[in-house]
Amino acid sequence: MKNQIQLITYVDRIGCKNVSELKDLLNNELNGLFGGVHILPFYYPIDGKDAGFDPIDHTIVDPRLGDWNDVKSLSESVEIMADLIVNHLSAKSPEFQDYIQKGEGSEHASMFLTYEKVFPGGATEQELISIYRPRPGFSFTPMKINGKKKLIWTTFTTNQIDIDVYSKGGEGYLNKILNTFEKAGVTMIRLDAAGYAIKKRGTTCFMIEETFEFIADLATKAKEKGIEVLVEIHSFYQTQIEIAKRVGYVYDFALPVLVLDTLYNRTASNLKKWLKISPRNAFTVLDTHDGIGIVDVASEDGKPGLIDDDTLNEIVNEMHRRNEDKSLKSTGAAASNLDLYQVNCTYFEALGKDELSYLMARAIQFFVPGIPQVYYVGLFGDENDMELLAKTNVGRDINRHYYTKEEINEKLETSLVKKLSDMMKLRNNHPAFHGTFQLLETTDSVLKINWQNGSVFASLNIDLSANTMNIEFSEWNGSTKLTL
């Protein structure tokens, strides 16, 4: 993938009716801001219970958005990342419906994971409570299969049926998706929920050794088709470092909370410690279609995290306070959430809608190592969508606004978005960012980052005590500094 900023977006929530209109938006109103786009699930259907992450057919573009020819056309303008949902598919899929009707007589029977497949002789209490799951309760749902009750493995929701990725049916299913992506010009896949893909008795069934082997095998198949792989894992930071050593790319999910820590507490101490050890084969984010992750910086089993627990608790409370407790209505048990380890809130509101703080946060993201991704709501520096949350009671919808074209045009004219756009164009085009990252030694109240590429440079200097920021660089586009 290009070392340029990528957009994360749904096709139909950014003022576009279809993929063709998204291409026009990127080539016109958003021209120069993005070298790639991570299109959030655009498969059939886009409006399931998990906003497309529960596909009925992963190899069909939802007809409301276009078809694979439209995706191929978009790939000629920007690089495309697409989600490969490896862990599950919809309970409404033809394959699972056939299995419900025919049971073991279905040609798709091997494709689905049942309790008895992993625990043929039954499981002990300890084995069951050891299974890691991102929501309360057990990982199984009782269902009638060919008239007989069976426990079906459902890691996330009852509409998301887990796949036996080692079965003939499961392997064939994933290969079919890869072949479809290759023909459509997709250059990178995000392995969604990959950490849960392998289930083995006596383990947590999350990022076990066999999971690494599965990811490596899938990555090899993808590379043969010219497709790179990004693994999506929320986990303890030391685990993330180990994962990064064994896969192509990972997310720097620790960064969002570390940046909040830096700006809330006016110290870059924790952020600097992380930047000295963080994986370089990373994609950086501040916000995504999910919430702001907490587990990525927290302690685990008595091992200290990147931020001490008391400080982390205060950061979470401060997030709620700065957005006037709106996020309390969307987080945890307050709304229908798939997990309990994230705070649902736009990043702009997490910073109390303070524009300078928001620009500082984005500057940090663009200057740390990794390929930056900017979420569509974050691009416009927008507020929580309380109306959509009230309508759906889905916590994550607080940060999944449906924009009209008129709203986007208005946002693009704001001072905040114009300043952010200038920063993004610098990050995309200045040759310094193809050089060497340098974290300069300063006091904890100052953050200074420099990129050096031969004689050219770009530097970020943030004085947290004075609440000031300077971005300077060797001459580019007729300038040597950004005035923000």
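For region 138-165, give me each residue that is free of Cβ contacts under 8 Å to residues at least 60 places away in the same chain, surrounded by 22 or more Cβ atoms within 10 Å (Cβ to Cβ) and among the small types (Gly, Ala, Ser).
none
Among GLY103, GLY32, GLY36, GLY66, which is out of contact with any Pro (no Cβ under 8 Å at 6 or more places or on another chain), surrounded by fewer than 20 Cβ atoms within 10 Å (Cβ to Cβ) and over 30 Å from LYS168 (Cα atoms)? Before you say what the answer is, go through the steps one by one.
Details: GLY103 fails: over 30 Å from LYS168 (Cα atoms); GLY36 fails: surrounded by fewer than 20 Cβ atoms within 10 Å (Cβ to Cβ); GLY66 fails: surrounded by fewer than 20 Cβ atoms within 10 Å (Cβ to Cβ).
One residue alone meets the criteria, GLY32.
So which residues in region 146-201 are among the β-branched types (Val, Ile, Thr), part of a loop (DSSP other than H, G, I, E, B) and in contact with a His (Cβ under 8 Å, 6 or more places away or on another chain)?
Pass one, region 146-201, residues among the β-branched types (Val, Ile, Thr): 152, 154-155, 157-158, 161, 163, 165, 177, 180, 186-187, 189, 198.
Checking the rest, the ones that are also part of a loop (DSSP other than H, G, I, E, B) come to 154-155, 157-158, 165, 186-187, 198.
Of everything in region 146-201, those that are among the β-branched types (Val, Ile, Thr), part of a loop (DSSP other than H, G, I, E, B) and in contact with a His (Cβ under 8 Å, 6 or more places away or on another chain) turn out to be THR154, THR155.
Considering only region 325-352, how many residues are among the acidic types (Asp, Glu) and modelled with pLDDT of 95 or more? Even if it seems obvious, please write down each step before you answer.
Initially, region 325-352 is screened for residues among the acidic types (Asp, Glu), giving 325, 339, 349.
With modelled with pLDDT of 95 or more added as a condition, the list becomes 349.
Of the residues in that region, 1 qualify.
If GLY48 passes every condition in (1) within 20 Å of the chain's Cα centre (by Cα); (2) modelled with pLDDT of 95 or more but one, which one does it miss?
(2)
Could you list all residues from region 317-326 that are out of contact with any Ser or Thr (no Cβ under 9 Å at 6 or more places or on another chain) and either within 20 Å of LEU255 (Cβ to Cβ) or in a helix (DSSP H, G or I) (or both)?
If we filter region 317-326 for residues that are out of contact with any Ser or Thr (no Cβ under 9 Å at 6 or more places or on another chain), which is where we start, we get 317-318, 321-322, 324-326.
Once the filter is applied, which keeps residues that are out of contact with any Ser or Thr (no Cβ under 9 Å at 6 or more places or on another chain) and either within 20 Å of LEU255 (Cβ to Cβ) or in a helix (DSSP H, G or I) (or both), region 317-326 yields ASN317, GLU318, ARG321, ARG322, LYS326.
From VAL165, VAL186, which residue is aliphatic (A, V, I, L, M), modelled with pLDDT of 95 or more and over 20 Å from the mean Cα position of the chain (by Cα)? Working first, answer last.
Working: VAL186 fails: over 20 Å from the mean Cα position of the chain (by Cα).
Checking each option against the conditions leaves just VAL165.
If PHE96 meets every condition in (1) among the hydrophobic types (A, V, I, L, M, F, W, C); (2) closer than 30 Å to LEU33 by Cβ; (3) assigned to a helix (DSSP H, G or I) apart from one, which number is that one?
So the condition that PHE96 fails would be (2).
Given the conditions (1) outside the structural domain of TYR249 (by TED's automatic domain parsing); (2) out of contact with any Pro (no Cβ under 7 Å at 6 or more places or on another chain); (3) not β-branched (Val, Ile, Thr), report the number of the one that LEU151 does not fulfil.
Failing condition for LEU151: (2).
Take THR483 and decide whether it is modelled with pLDDT under 95, polar (S, T, N, Q) and surrounded by 14 or more Cβ atoms within 10 Å (Cβ to Cβ).
Values: modelled with pLDDT under 95: yes; polar (S, T, N, Q): yes; surrounded by 14 or more Cβ atoms within 10 Å (Cβ to Cβ): no.
Criteria not met by THR483.
So, in region 275-333, exactly how many residues are among the polar types (S, T, N, Q) and within 28 Å of HIS401 (Cα to Cα)? Working first, answer last.
If we filter region 275-333 for residues that are among the polar types (S, T, N, Q), which is where we start, we get 278, 281, 284, 288, 299, 311, 313, 317, 323, 327, 330-331.
Pick out the ones that are also within 28 Å of HIS401 (Cα to Cα) and you get 284, 288, 313, 317, 323, 327, 330-331.
Here the count works out to 8.
The values are calculated or read from the model by the stated rules, or taken from the named source; none is laboratory data. Since we're looking at a predicted model, the values are computed, not measured. Don't worry about glycine lacking a Cβ; one is built from the backbone with ideal geometry, like all the others, and counts go over all protein chains shown.
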